[in-house]
Structure formats: structure tokens, C-alpha cells
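Bear in mind these aren't lab numbers, they're just calculated from the coordinates by the rules spelled out. None of the values given here were measured: they were computed from a predicted structure. Reconstructed Cβ throughout: ideal geometry from the backbone, glycine too, with neighbour counts over all protein chains shown.
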Amino acid sequence: MEGNNGSSSENSRRPPIPLSASTTTTSCRQCFSIDSVPVNCKKTLVRHQSLVKTKTLDISVKPQLGAENHDADFIPIIRSGAWADIGFRSSMEDVYICADNFVSDYGLKNAIDGPSSFYGVFDGHGGKHAADFASYHLPRFIAEDEDFPMEVERVVASAFLQTDSAFAKACSLDAALASGTTALAALVVGRFLVVANAGDCRAVLCRRGNAIDMSNDHKPMCSKERKRIEASGGYIYDGYLNGLLNVARALGDWHMEGLKGNGSDGGPLSAEPELMTRQLTEEDEFLIIGCDGIWDVFRSQNAVDFARRRLQEHNDPVMCSKDLVDEALKRKSGDNLAVIVVCFQSDPPRNLVAPRPRVHRSISAEGLRELQGFLDDLAK
């Protein structure tokens, strides 16, 4: 990958773990965007006692879109790849993480029937600290919850809020960490795909060549987000939340006055994710997860069509991710770029055979005259 990621000693240092309690050590395959190379690490997570039980909020969970009965036995075969590039920015603030085997990588004790995978994309702003912090802590809060995977939606939503609260504590101890990040996490648990999003990253599922959005872009101008923002005391100015941010949901940003609150309303900038769940079938081919730099130059269906052609050529999700990033650079995306491609089958996508259109035959004016003449001759 070409380009200088602009990492410095300050940007590369990990945010401190600010909390004190018993620790749990797990191993993971954590992928940072610095070199687009997976970095094996062993870290510890300390959970504050106040975060063990989190207030349950009204989480937006899209109803499961039912699968056909004949797909009930379908078990996805997980393969993934990722790529990132600094793009035309002076520093790199995107982070991604891939864990094809979530149970093994994070030391989960609960057995899961079928695959268990975790993927995350974090698009930092005002610095990279929040993105680094969230990429490290969010999957661990999920893994440590005793209700995972039985109550996966509630656990994932709670993990977003716990990560946000933990980062607030970290920033109170070290003001240099002040920053924010959007976050999108996708989990494959058995036959189910669960996507949680807070911000403007996007996940798109390819189902037999058709693009299915698995997340909504949380922009301040969206009617749903605007109503929520105004109800919590915020406002939209020139398309920006309180005139400061062009996203309506994010983790961090505790240093920005008027965006986050500890009360019941939580402030206009929400860390609460929106969730979508779908049962995977044999028609589901792959998932694209990307930061907004990708979607600035790709529409969802356009990205699926592009990725599908590349997978048919080489069937390599890593190369496919790089192809998407390279194409976004050619299209002059002005942001950092990070994308993950998760394939659900071992074979490349099949060629789609378009139904042959019905042939509509017509007769020319000359033919009509000849036919009329023939009929006239028969009548004589």
C-alpha cells in the first residue's frame, strides 16, 4: 500500500486503560490501518464496576427478514480481507479490526454452533485516539458479557455505550486523548449477521448480486436524526450537528461542549447504535464494510457490482478490498479509506444468467401491403 500514514509517536501510542478492577487477558487478531497488516496482540481489559450493569435503552433493532425454510441448514464459510489507505489526508484516523474466529481470538467460553466472527471499522475525527480505543475495547466488552451470544443485540448495543463511557473516563485522566470516532461492528453468529452502526460508516450485503444496506448513514440532516437531535437540545447549522460535526452519532467527543450529556437524554450526539439483523442464506455472497471515504464515491449497488466482478476474477477478499480502495482513490475520494470484505462462501460469486427477453415480432408496412395483396388475390 502506497502512502505515508502519517503516524507519529503521539498518534501511535495506545490510549491508557483508565479503569481499575480485575483483568481478563485475551488474544486477538487486530488489524490497524497503519500498514494494512494484521497485528497480533495480547492486551488486558479492565472494566469499571459502574459499567458492569448498563441501563438498557430503547435500541433500534430492525425486524429479522425471514429466510426461506430450505436455507435453514445453510452454514456460512467465513473468509475476510481488509485494506486501508491514508488517501489525500495528512494523517490516518481510520482503524479496522478483523476476527474471523471471535470465540478463539477473544477467549470466549460459550460454545457457538457455527461460525463466530467480529469485524469493525472506526473512522476517527479530531485525532485517532478514540478510534484506537474503540477498536480495542468494543469487542472485549462484547466477549466479556455473560449474555453473549444468547442476547447478541442487547450485548452489542450495551458494548457501544460502555466503550463510550470508558473513553470519557480515559479523557478525564488524559485530555490529550480528546477525539471522536464513528463505529460500525458486524458479527456473524451461526447463521445470523448482526450489524451495529453509530455514524456514517456503512455495511452492504450482496445477496445474489443485489445490494442490501445493513446500516443507515447517521447524518444530522436525516429527518429521524434531526428530530432526535432537536428533542435532546441540539440543533443543525449548515448541515452540521451544533455547527461542529457532520455526523449525528459517534463515540467520544466528550470535549466538545453541548454534544454529550450524562442525563437521561444523553445529549444530541448519541453513541447508541442502530442494529440490523438478518439470517444468512445460500444466496448471500459477501458483505462490504467501509468508512465514509468509500461511500463518498461508491453507491451501495455500484460497490457490490464492482466487488462481485473482482471476486469472480480472483476470489480473494484481501485483493477485493484493495481493489475497492484503489478505485476510490481513482475516483478522487478525499478522505481516509478503510474497507473490509467478508465472504460467506468458499466459491466465487456465480455468473448471473439474465432471463432472455420475450421476442416481440412486428410486420413492416411493406409486409402488410404484400399480405393484403395476397388476401385480395384469394378473394377474387
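What's the magnitude of the charge dipole for region 103-232 around its Cα centre, counting Lys and Arg as +1 and Asp and Glu as -1 at the beta-carbon? Answer in Debye, nearest 20.
Values: 14 positive and 17 negative charges, 92 e Å.
Once rounded to the nearest 20, the dipole reads 440 debye.
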*By average C-beta atoms within 10 angstrom, highest first, the peptides 243-251, 212-220*: 243-251, 212-220
*When ranked by the protection proxy of mean other Cβ atoms within 10 Å per residue, highest first, what sequence do the peptides 180-188, 100-108 form?*
180-188, 100-108
